[in-house]
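The values are calculated or read from the model by the stated rules, or taken from the named source; none is laboratory data. Keep in mind that this is a model prediction, so the values were computed, not measured. Heads up: the accessible areas ignore ligands, DNA and RNA and are worked out on the full protein's heavy atoms, side chains in. Shrake-Rupley method; radii C 1.70, N 1.55, O 1.52, S 1.80 Å.
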Amino acid sequence: MNIKLKSAIAAILSCAVTGVAAQPGGFDTMYLSQTLTEVSRSSVKMEDWALGSVTFTTTSENTPMVNDGEHQFEIMANLEWQDSITVKAGQTISLSASGVWSHNSGVSNYGPEGSSKTDSGVLLPSANVGVLIGRIWEGTPFVVGTSTTHTAEVDGVLQLSINDWGFEKNTGSVMVQIGIQLEVPPAQPVITAKTIELCTAIDGSGSITDPAHGGDPLNFQKQLDGLAKAIQDSAVFPKDGTVTISVVQFSGTPQLEVPPTLIDSQATADAVATKVRGIQQVPTSGTNIGGAITFCTDQFQFTAEKQIIDISTDGRSEGGTDPVAAASEMVAKGVDAINALGVGKGVDQAQLAAMVRPQPLCTTTGQTNCGFVSLIRNFDQYAAAIKRKITMETGGTYVVEAGECGNTKEANYTVPLGSTGFYVVEAALPTDQLPGVWSLLVDTMSHAPLRSREQAIPYPGGWYGGVVLRENGLSPSWVGFSLAKSEAVEITATDFLKNLPAFTLEVVKKVGTDRWQSVFKQESVAPEQVYTTPTLARGFYAVVVTGTALSPRGRLGFYVNGKSLYGAVTGGWIDHLDGGYSAFFVQSAQKTADLKLLFCDSYGEAGAGQPAVQMLYVKEDGTKEVFWKAQ
């Protein structure tokens, strides 16, 4: 959106309505020409040498001169050097003259072109007697005649005269019209991106690289290398002049590292990537995300269709401008989108979610006109994450990595079980997979007849499930279980981060293909408190947990205890920061465990990419060893 152009038009209309006229032609032509030069991809062209009126058009040509309007003077034949207008060095003057005068009391009459005679005693001996001449502040005279142009050598008054040496007997006069061609200052480079102006702000604070604060000395360079690779990749960054990028580093104070550069070729992209890789970390005190948003806005020319700000950080905004307030203010100035990439466990996810624009936050794959937050565990995942992030913003085509969705939506595994004991099935999302919704079914009795299921105790000691409760109540998560017999079950929730003020727990029973019936609900769940359901009939149930609109991200564990549990499900949200798990005890009679992993199109557009799954065995001393990995 072109805010400056709208302001310029409003100002011009205001001048027209109020009758403001700074120049004789009716408009302040310098103001208008500078304004249009600033906001338009075309330069401003005015009718050459127009006197008395000015016509405005736009053109793709560069027109370095404009005319300031008409100045008219009567120059008498019986007077030497008469003052007209004041000019500045470097300005070009246009002069035209008409009339009749004489240097010999009217014996010979002629116009400003002069007579055919010469005389060594006149003001300009090299020119004919009686010709109109000029000079600037007692400088060298020049011939004007009926018309000419002249560039002023010095500042001063333009003086005009008939070319003669005695003036008292001269008669007549000529009318001289003067136009000053005002040299338009060279226009500042105008970014001409047809689609996007993108400002990427990278975190340079000390926590990125300081081991004392959980950082790594290589993290800052990993951030630079990831961004540089994305810029060079044509599948991410088009090289056709549709995207302009600037790069800002921020900690306590933001600073410009790469000025706005139009990516119009691979060579340009490579040059920008080289600059990015050469950025030196400047870790001043604080993490001023709000200042970075404001500073990025200052880099925009507002000549593209969209202005987008990217923020990458490993923490929360501390010191400086409030990022949420800054985001709102910059959007009011014309910024179209603000997105964020959070790295590691120190990220204030609620702050980032409130900061991105437009609101509400993107929650489903394929949504448009919403801001988004990408979360990753560490800077090893940064390159893939920034590539995916910029791809979504630039409209480039992302190359699907092997195993990412494609035509698959589920994976099934049969895992031979070893010793009796406690097992944990973990799921994590690879960096080349999209965040979204997933679930994992673990069934240790799938091959047993129903009679055996009813007689066995598949999960002595209960079953455990771990889920992510997404911030701001954006999506629920759940654990599920199957009952072989009617019974009441006990449910206990654990808040691993101890940061959830409130959440709701509801048990629902599957009563049809897509139908669920609520059988138990608990508002404001207290962690570590045991909740006992009413007696539940045989069947499949889900324990659904939801947060509030103000909830931070949470990591929850659920312990479900019953006598006839035989199938367990963990599901909900998964991303690059958090996954989920199922944990259970198996006895010697159970030889295998069947795993069903649901993702991608199993949940429509909301589906995550394919998680990586592994099973761990917990030894008697509490240590874990990897027992099996999905291939």
TODO: Could you please state how large a percent of the accessible area of segment 240-319 is carbon and sulfur, counting protein chains only and using a 1.4 Å probe?
DONE: 49
Task: All lysines inside 24 Å of Lys169 as judged from Cα atoms, apart from same-chain residues fewer than 8 positions distant - done: Lys117
Open item on the list: For segment 541-588, compute Rg over Rh where Rg is the Cα radius of gyration and Rh is the Kirkwood radius from the inverse mean 1/r over Cα pairs.
Closed with: 1.01
Open item on the list: Can you give me the convex hull volume of the Cα atoms of segment 523-631, divided per residue and expressed in Å³?
Closed with: 186
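When Rg is the radius of gyration of the Cα atoms in segment 66-182 and Rh is its Kirkwood radius, what does Rg/Rh come to?
With Rh from the inverse mean 1/r over Cα pairs, Rg/Rh is 0.96.
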TODO: Can you send over the solvent-accessible area of His213, 1.4 Å probe, protein chains only, in Å² to the nearest 10?
DONE: 130
Open item on the list: At 1.4 Å probe size, what's the solvent-accessible area of Lys117? Round to the nearest 10 Å².
Closed with: 110
- [ ] Run the accessible area of segment 520-599 with a 1.4 Å probe and give the carbon-and-sulfur part as a rounded percent.
- [x] 58
Open item on the list: Report, in listed order, any pair from Lys409/Lys619; Lys229/Lys306; Lys591/Lys619; Lys509/Lys629; Lys510/Lys619; Lys509/Lys619 with a Cα-Cα distance greater than 29 Å.
Closed with: Lys409/Lys619; Lys509/Lys629; Lys510/Lys619; Lys509/Lys619
Open item on the list: Just to check, using Stokes-Einstein with a Kirkwood Rh over alpha carbon pairs, what's the diffusion coefficient of segment 265-351 at 10 °C and 1.306 mPa s in µm²/s?
Closed with: 109
- [ ] Work out, in µm²/s and without decimals, the Stokes-Einstein translational diffusion coefficient of segment 207-357 at 37 °C, 0.692 mPa s, Rh from Kirkwood over C-alpha pairs.
- [x] 206
Task: Order of exposure, largest accessible area first, which applies to Leu474, Leu483 with probe 1.4 Å - done: Leu474, Leu483
